[in-house]
Amino acid sequence: MKVSGFTFIKDAIQFGYPITEAIRSVLPLCDEFIVAVGNSTDGTRALIENINDARIKIIDTQWDPQLNTGGKVLAAETDKAFKAIAADTDWAFYIQGDEVLHEQYLDIVQQAMQQYLNNEEIDGLLFKYKHFWGSFDFVGGSSRWYRNEIRVIRNNKKIYSYRDAQGFRKDNNQKLSVTAIDAYIYHYGWVREPKAMQNKAAGVGKYWSEEGYDENKIKFDVNDFDYGQIDVLKKFTGTHPLVMQKRIEEANWKFDFDISKNKPKPKDVLKDLIEKITGNRPFDYKNYHII
């Protein structure tokens with residue numbers, strides 16, 4: 001069984017992406033790892049090179065300025081990396097620049113890839129998610145956060161990155177058939193030093209609308225990003241991936257949140273109640289078919 005990792009990145013240093021941690025978290029599973037490095041001005045390419053692992057293969061890309069709505073450019077960059085993986089690869093592990101796989105799940109992922117290797121009905125593996133917000137101590141607890149997403153896909157070139165690169169589809173806009181595994185991706189997209197968070201919101205925002213970043217949606221002053229715009233958070237009580245320890249120790253900002261002041265939306269209260277009674281959570285967006 002051959003496994004390729006793949007990702008894309010641009011301006012990782014300027015925007016505070018934990019891209020080296022993301023790559024290193026998946027490398028133990030991979031025979032090669034493709035990184036599509038966009039035209040950066042902050043030393044991102046050197047950052048990837050300094051991981052110093054022979055399995056890593058960099059492809060240099062130019063982000064298309066015409067794909068500046070709906071995050072389409074993110075999907076385009078994902079597809080560039082996916083197309084560059086070795087032809088004899090069986091499974092491809094996709095990780096984004098602000099996602100990390102906890103090492104406690106490596107064996108689970110490895111076993112699942114082996115188990116479903118010859119089952120052509122399975123297009124990919126579905127992971128659970130923990131979305132961190134503000135600091136490394138809080139995770140999102142409302143339906144604004146997606147609970148699951150596909151991160152391992154079969155090396156089938158009919159598969160392509162969907163919309164803003166959150167998930168995947170295949171020929172004729174078909175949803176992938178996947179199996180859910182008991183493994184989490186830790187998403188650190190909203191945990192950065194405030195200035196880096198501010199830069200990221202403004203810099204990446206231009207790829208979501210022709211007008212660019214809307215500062216009325218995510219407010220900040222000259223120096224500090226406002227992490228307070230949230231409905232429900234939960235205190236995180238687990239452990240972080242080992243590859244994240246240095247970044248966590250070097251965190252230089254403070255964020256706290258009184259969870260007694262959570263303001264869940266009525267629809268989330270209803271979903272939580274139904275899930276508690278039935279074990280199933282209704283109405284959540286699902287970009288896949290679970291087998």
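What follows is calculated from the coordinates using simple rules that are stated; it is not laboratory data. The structure displayed is predicted, hence computed values, not measured ones. A quick note on method: Cβ atoms are made from the backbone with ideal geometry, for glycine too, and the neighbour counts reach across all protein chains shown.
So what is the 222 nm mean residue ellipticity for the chain from helices alone, if each DSSP H run of at least 4 adds -39500 (n - 2.57) and you divide by all residues, rounding to the nearest 500 deg cm²/dmol? Numbers along the way, then the final one.
Numbers: 8 runs with 70 residues, N = 291.
The per-residue figure over the chain is -6500 deg cm²/dmol.
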### Query
Listing T7, T239 from the residue with the fewest other Cβ atoms within 10 Å to the one with the most, what is the order?
T239, T7
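As an exercise, take the mean of 1/r over every pair of distinct alpha carbons in the chain, invert it, and state the Kirkwood radius in angstroms. Before the final figure, lay out the partial values.
Numbers: mean 1/r = 0.0503 Å⁻¹.
Taking every pair of different Cα atoms in the chain, averaging 1/r and inverting gives 19.9 Å.
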### Query
Which parts of the stretch 126-156 would a label at M1 reach, counting a residue when its backbone N lies under 17 Å from a point 7 Å out along Cα-to-Cβ?
126-127, 151-156
### Task
May I ask which of K206/K286; K170/K286; K10/K72; K235/K265 have a Cα-Cα span longer than 21 Å here?
K206/K286
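How much length is gained if the chain between K157 and I13 is pulled fully straight, taking 0.36 nm per residue apart and subtracting their Cα-Cα distance, in nm to one decimal? Please report the intermediate quantities before stating the final value.
Values: separation 144, 0.36 × 144 = 51.84 nm, distance 3.14 nm.
Stretched fully, the K157-I13 segment lengthens by 48.7 nm.
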### Task
Compute the length gained on full extension between K246 and I290: take 0.36 nm times their separation in residues and subtract their Cα-Cα distance, giving the result in nm to one decimal.
12.2 nm
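Determine, for R169, R151, the number of other Cβ atoms within 10 Å of each Cβ, and report the residues in order from fewest to most.
Numbers: R169 19, R151 25.
Listing R169, R151 from fewest to most nearby Cβ atoms yields R169, R151.
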### Message
Restricting the calculation to Cα positions, tell me the Rg (one decimal) and the Dmax (whole number) of the stretch 77-153 in Å.
### Response
14.6, 42
### Task
Arrange the following residues from fewest to most other Cβ atoms within 10 Å of their Cβ: S260, S143.
S260, S143
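Calculated FRET efficiency, K234 and D88, Cβ-Cβ r, R0 35 Å, to nearest 0.05?
On the way: r = 43 Å, r/R0 = 1.23.
It comes to 0.25.
Restricting to the chain, what percent of DSSP beta bridges are antiparallel, rounded to 5? Before the final figure, lay out the partial values.
Numbers: 21 of 47 bridges.
Once the DSSP bridges in the chain are tallied, antiparallel ones form about 45 percent.
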